[in-house]
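Any read-out appearing in this document is the output of simple, stated calculations on the displayed coordinates, not a laboratory observation. Everything quoted here is computed from the prediction, not taken from an experiment. Please note: Cβ atoms are built from the backbone with ideal geometry, for glycine as well, and neighbour counts cover all protein chains shown.
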């Protein structure tokens, strides 16, 4: 019995590892510099996301800048999206993989996409982080989700122009039915 359970756990782990491995595809670009997406957004593949469930995803998001300073998501937006082939391809281009990542505005501008499906953006569940930098999504069905934090602010320069600072954090999570999942979004996690 214990041997069968161990075999089952190892099998599931190997399947998960294979599933999360990315096939590297070099990006194709449109004339305006947008990345061409090959996957198509399909509302039906994400219909489960609109169901009411009993799960909760809560946590905090903290972005560490190159100089070591940290900023949490207090008063800023967090998005929750269903994992689909289209979303997976987008995340891979933004964060270099589809399981977790961070992007700093100082390093590079976030990419634009073609097609950039309007209904994909409309599907997102959104919330705002508390003053303590905490977020919470409730009544979620079981499934795989992307949690995305946008920790962005304007910094006024000496010449009085505003310069965008900060970046984004992303993490892919699996929520089982009725579970309460606590998530830390930080650079490199």
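Brief remarks on what is shown
- Its relative contact order, with pairs defined as Cα atoms under 8 Å and 6+ residues apart, puts segment 29-186 at 37 percent.
- Here the average projected area of the convex hull drawn through the C-alpha atoms of segment 19-164 stands at 10.8 nm².
- Distance between the modelled labels on residue 42 and residue 70, one decimal in nanometres: 4.1 nm (7 Å Cα→Cβ projection).
- Nearest-ten-degree value, helix 2-20 long axis tilted from longest Cα axis of the chain: 30
- Inverse of mean 1/r across different Cα pairs in segment 84-132, Kirkwood, Å: 12.7
- Potential extension, residue 50-residue 161 segment - 0.36 nm per residue separation minus Cα distance: 35.8 nm
- Rg over Rh [alpha-carbon atoms, Kirkwood Rh] for segment 97-189: 1.01
- At R0 = 35 Å, FRET efficiency that the Cβ-Cβ distance of residue 177 and residue 27 yields, to 0.05: 0.45
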